[in-house]
Amino acid sequence: MSIDRKLKVALIGAGGSANGRGLSGGFQSPGSWGLQHARIWATRPDVHFCAIVGRDAQRTQEKAQFYGTKAYTRIADMLEQEVPDLVSMCLPNQGHFDATLEVIRAGFPLLVEKPLVFDLKEADILMNEAAKRNVFFAINFNHRFAKPVELAHAAIMEGRLGELTFASWRFGGEGQSGHPHANLIETQCHGFDMLEYLCGPIESVMAEMTDKTGGGYRTLSLALRFRSGAVGSLIGTYDSSYAYPDTHRVEIDGTRGRSVIYDTVKRYTYHAAGNEMGESWEAGYFNDADREFHRTFDKHVESLLLALRNGEAPPIDARAGYRALLLAEAAIRSYESGCRVCIPEH
């Protein structure tokens, strides 16, 4: 692709109301994440935001008018008439499969939201169809682009933590879904991806889950073993609140030091083993880019578009979404069987 021309990007499913809510920061519920897709594509100078596809004609037209783009109600019509360089997809969590498969079979590069899907058979179909066509197929595990995560990853790569011994992930808030394992699949997929990104492949999982509040297994606790020999834990819940301070915490311990990530973007600390004096990072007064969670998506898009223009693989391939679903499925089998479940290698 020419480095000079704008990339044509189409969005399938914008979500939320087209009134600008959430475009300048402030609280934004997970259900309005599609607004971040629209915000990014509408404001990047190197992108021509060519279309929005939605199910409801009037609502889609309102969104398209707000963002200065065209409205469609059929994916096939949009692909044929606009021929986008990239299709960005932000659909209801359990409605990913059909639309994703249609775009893949049409041969267009695409970026999808997590989770990939809820069913491994559907995931196999998507991955196989994309592989047959050599389609650029990215997934938005944007947590990787948070500044504290980047700092933790760098510390590990530089050997500042030594040999990793254990890692823990805790993440909880509100959530509603008709699927009994929604929290595990659609939210803790970030946990699976993050722990493997930082600590390497997970070798096995043992699970406890509870449905005591109704609506499925909304709270869960997993014991993990990494292929490196380190161990870990993952606690996830929809029986909490995203309003709580420290609703998200990741700790990575090694023989030479410890890194801690607080609320994804809020704070990072590092301590060398045996040293009461440590290092910390928090965004400075004018550093809104690293302070705001949704800007992690902006950073991912920057990397993604560079890879697309250069004919390279996505910075986060959809295979990471498949891997997270594979781990979730193993956790479900562990809970149902009461046994430790081993995970196949990559």
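The values are calculated or read from the model by the stated rules, or taken from the named source; none is laboratory data. From a predicted model like this one, the values you see are computed outputs, not experimental measurements. Backbone-built Cβ (ideal geometry, glycine too); neighbour counts: all protein chains shown.
Structural remarks
- The numbered conditions (1) touching a residue at least 40 places away in the same chain (Cβ under 8 Å); (2) surrounded by fewer than 18 Cβ atoms within 10 Å (Cβ to Cβ); (3) under 20 Å from the mean Cα position of the chain (by Cα) are all true for F145 except (2).
- Which numbered condition S259 fails, given (1) more than 14 Å from E150 (Cβ to Cβ); (2) small (G, A, S); (3) within 22 Å of the chain's Cα centre (by Cα); (4) surrounded by 21 or more Cβ atoms within 10 Å (Cβ to Cβ): (1)
- Per the conditions (1) charged (D, E, K, R); (2) free of Cβ contacts under 8 Å to residues at least 24 places away in the same chain; (3) farther than 27 Å from F293 by Cβ, the sole criterion not satisfied by E150 is (3).
- Cβ-Cβ contacts under 8 Å between residues 6 or more apart (or on different chains), taken from a first residue in the stretch 296-319 that is more than 19 Å from N128 (Cα to Cα) to a second residue that is crowded, with 21+ Cβ neighbours inside 10 Å and polar (S, T, N, Q), are listed as T296/N142; T296/T264; F297/Q36; F297/N140; F297/N142; K299/N142; H300/N140; H300/N142.
- Among the residues of the stretch 86-118, the ones that are in contact (Cβ under 8 Å) with a residue 40 or more places away in the chain, of a type outside the set (V, I, T) and over 22 Å from V301 (Cβ atoms) come to 2 in all.
- Criterion (more than 25 Å from N183 (Cα to Cα), among the small types (G, A, S), within 20 Å of the chain's Cα centre (by Cα) and not in a loop (DSSP other than H, G, I, E, B)) met by exactly one of A123, A130, A71: A130
- Of all the criteria given as (1) at pLDDT 95 or above; (2) surrounded by fewer than 21 Cβ atoms within 10 Å (Cβ to Cβ); (3) not assigned by TED's automatic domain parsing to the domain that holds I261, the one not satisfied by P92 is (1).
- Among the residues of the stretch 79-89, those that are buried (at least 16 other Cβ atoms within 10 Å of the Cβ) and of a type in the set (D, E) comprise E82, D85.
- Which listed residue, of A289, A331, A273, is exposed (fewer than 15 other Cβ atoms within 10 Å of the Cβ), of a type in the set (G, A, S) and under 22 Å from the mean Cα position of the chain (by Cα): A289
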